[in-house]
Amino acid sequence: MFSCKKDKTSAFSCTDEISFSQQVEPLINMNCSISGCHDVTAEGGYEFKDHATISAAADKIVSAIQHQSGTTPMPIGSDKLSDSAIRIVVCWNSGGKLDN
């Protein structure tokens, strides 16, 4: 379900059910819950360790990975996530943040 960093289109639609454990959690773990970022060492920030902590911050995550104004663009120090990766998080968030 992951693709190149620079893809502009995706066969993915928000009518598809997004799997937290198979799609969202690995994406967050690979790009956000790394040492010094949103892991147990996060000082004053968000710790993304499980469904509860990720879903509680989902709206802020979406804003940050979409680089919306008024947010700190994430991931810091890396390229913007691919359109398809962003779409996974956006669709999961808008689809009810299922713990599946």
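None of the figures in this text is laboratory data; all of them are computed from the coordinates on show. In this text the structure is predicted, and so the values were computed from the model without any measurement. Here the Cβ is made from the backbone with ideal geometry for all residues, glycine too, and neighbour counts use every protein chain on show.
Other residues within the sphere of radius under 13 Å centred on the Cβ of SER94, judged by their own Cβ, net out at -1 (K and R +1, D and E -1). Taking amide hydrogens as placed 1.01 Å from N in the peptide plane, the amide H of LYS49 sits under 5 Å from those of ILE54, each at least 5 positions away in sequence or on another chain.
In this entry, the chain is assigned a mean projected area of 6.2 nm², taken as a quarter of its C-alpha convex hull surface.
Max-minus-min Cα coordinates of the range 41-100 on each principal axis give 30, 28, 19 Å, with the largest extent listed first. Per-residue Karplus couplings for the range 72-85, computed as 6.51 cos²θ - 1.76 cosθ + 1.60 with θ equal to phi - 60°, are listed in order as 7, x, 10, x, 5, x, 10, 5, 4, 4, 5, 4, 5, 5 Hz, Gly and Pro entered as x. Based on C-alpha pairs under 8 angstrom that are at least 6 apart in sequence, the chain has a relative contact order of 43 percent. Positive-end ranking of MET30, ALA85, ASN100 along the dipole of the chain, with charges on Cβ about the Cα centre, is headed by ALA85. Each other residue within a Cβ distance under 15 Å of VAL24 adds +1 if Lys or Arg and -1 if Asp or Glu, for a net charge of -2. The GNM of the chain, with springs linking C-alpha atoms under 10 angstrom apart, assigns the highest mean-square fluctuation among VAL40, VAL24, VAL89 to VAL40. Taken about its Cα centre, the chain carries a charge dipole of roughly 340 debye when the Cβ of each Lys and Arg holds +1 and the Cβ of each Asp and Glu holds -1.
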